[in-house]
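Quick notes on the structure that follows.
The values are calculated or read from the model by the stated rules, or taken from the named source; none is laboratory data. What you see is a predicted model; the values in this text were computed from it and never measured. Quick reminder, even Gly has a Cβ in these numbers, built from the backbone with ideal geometry, and neighbours come from all protein chains shown.
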């Protein structure tokens, strides 16, 4: 799928020089590139075949248009987007170092609350910024949460959050990726509005969707994103998904007919009621029972962090058999430099 015309030395937008391939998927390839000042960028280029599909072109352009409206350190930043004379579409992102959450949880199986909490906290802040800009993401999942490795410790954390993290320096920050199937809150539903289920939904994506979203994208609002992030949190803590099935039909039926399970019922371990209550509310089947905004959910989550700071939660049991976890990657959505450090 790699296009030889994008070889090292190719220039896009008269500005970005390709240095090498970072990765690729069914829709596009991502290249390491360099700007005029030597800055490192990730250049996402739509495949030639995808450029012949109006839906994919619309999704690609939509990603650039919508994501550029969100100004937040917790959302991957788009630098520029353009179209070459030969028709090639591209988006230039800041290049991040680190790894997506799906890579981390597959490697570690599960995360402790102390490990998961900063990731979820950052993601709530990213959603808060997106929702404030009128954007509903509609595809929150581990593959779309990138854990950025920082060269310097963070200085943007409130003192209470730092205390919950043990008071030490924090060298990671989570960024939300891929707004290709997002929805602008004020827009009227259109037949050609990009939809995840239209062309690239996977079993993994269904695993994190809210019940109302699996019924149809026209039904969703910001609370669908909150449900999905709650499911991400559950997966990280429990080592398995709240609902598991071998196909999308089974997953949809479970989501529509059942309330989400508790961590205790899945792992066999006791979990503090603060954690269980938070997850039950954010993943409630009826969206009116969920937190009504990302800001409210973030405040509630920080209350949970305060409780957990003084509780040593037991790790989830490894004595269970789960269905093979579906791959929740739909495609290469932006350039990253992944590192897989061994756990000490």
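Among the numbered criteria (1) closer than 15 Å to residue 89 by Cβ; (2) surrounded by fewer than 19 Cβ atoms within 10 Å (Cβ to Cβ); (3) at pLDDT 90 or above, which single criterion is violated by residue 52?
Result: residue 52 passes all but (3).
What single numbered condition from (1) buried (at least 20 other Cβ atoms within 10 Å of the Cβ); (2) in contact with a strand residue (DSSP E or B) (Cβ under 6 Å, 6 or more places away or on another chain) fails to hold for residue 27?
Residue 27 satisfies all of (1) buried (at least 20 other Cβ atoms within 10 Å of the Cβ); (2) in contact with a strand residue (DSSP E or B) (Cβ under 6 Å, 6 or more places away or on another chain) except (2).
Suppose the filter is under 20 Å from the mean Cα position of the chain (by Cα), under 24 Å from residue 126 (Cα atoms) and at pLDDT 90 or above; does residue 65 pass it?
Against the criterion (under 20 Å from the mean Cα position of the chain (by Cα), under 24 Å from residue 126 (Cα atoms) and at pLDDT 90 or above), residue 65 does not qualify.
Quick check: anything in segment 85-96 without any contact (Cβ under 8 Å) to a residue 40 or more places away in the chain, touching a helix residue (DSSP H, G or I) at 6+ places or on another chain (Cβ under 7 Å) and in the same structural domain as residue 28 (by TED's automatic domain parsing)?
Yes, some residue in segment 85-96 is without any contact (Cβ under 8 Å) to a residue 40 or more places away in the chain, touching a helix residue (DSSP H, G or I) at 6+ places or on another chain (Cβ under 7 Å) and in the same structural domain as residue 28 (by TED's automatic domain parsing).
Would you point out the residue of segment 166-189, among those that are under 21 Å from residue 131 (Cβ atoms) and over 17 Å from the mean Cα position of the chain (by Cα), that is modelled with the highest pLDDT?
Across segment 166-189, the extreme among qualifying residues is 184.
Read through the list (1) buried (at least 22 other Cβ atoms within 10 Å of the Cβ); (2) assigned to a loop (DSSP other than H, G, I, E, B), then give the number of the only condition that residue 91 fails.
The single condition residue 91 does not satisfy is (2).
Checking residue 39 against (1) modelled with pLDDT of 90 or more; (2) surrounded by 15 or more Cβ atoms within 10 Å (Cβ to Cβ); (3) outside the structural domain of residue 145 (by TED's automatic domain parsing), only one condition comes out false. Which one?
It is condition (2) that residue 39 fails.
Inspect segment 127-139 for any residue being free of Cβ contacts under 8 Å to residues at least 40 places away in the same chain and not assigned by TED's automatic domain parsing to the domain that holds residue 292 and give the result as yes or no.
no
Kindly check whether there is at least one residue in segment 111-119 that is surrounded by fewer than 18 Cβ atoms within 10 Å (Cβ to Cβ), assigned to a helix (DSSP H, G or I) and assigned by TED's automatic domain parsing to the domain that holds residue 236.
The answer is yes; a qualifying residue exists.
Inside segment 11-29, can you point out the residues that are within 29 Å of residue 54 (Cβ to Cβ) and modelled with pLDDT of 90 or more?
Hits for segment 11-29 are 11, 12, 13, 14, 15, 16, 18, 21.
Out of (1) at pLDDT below 90; (2) surrounded by fewer than 19 Cβ atoms within 10 Å (Cβ to Cβ), what's the single condition that is false for residue 276?
(1)
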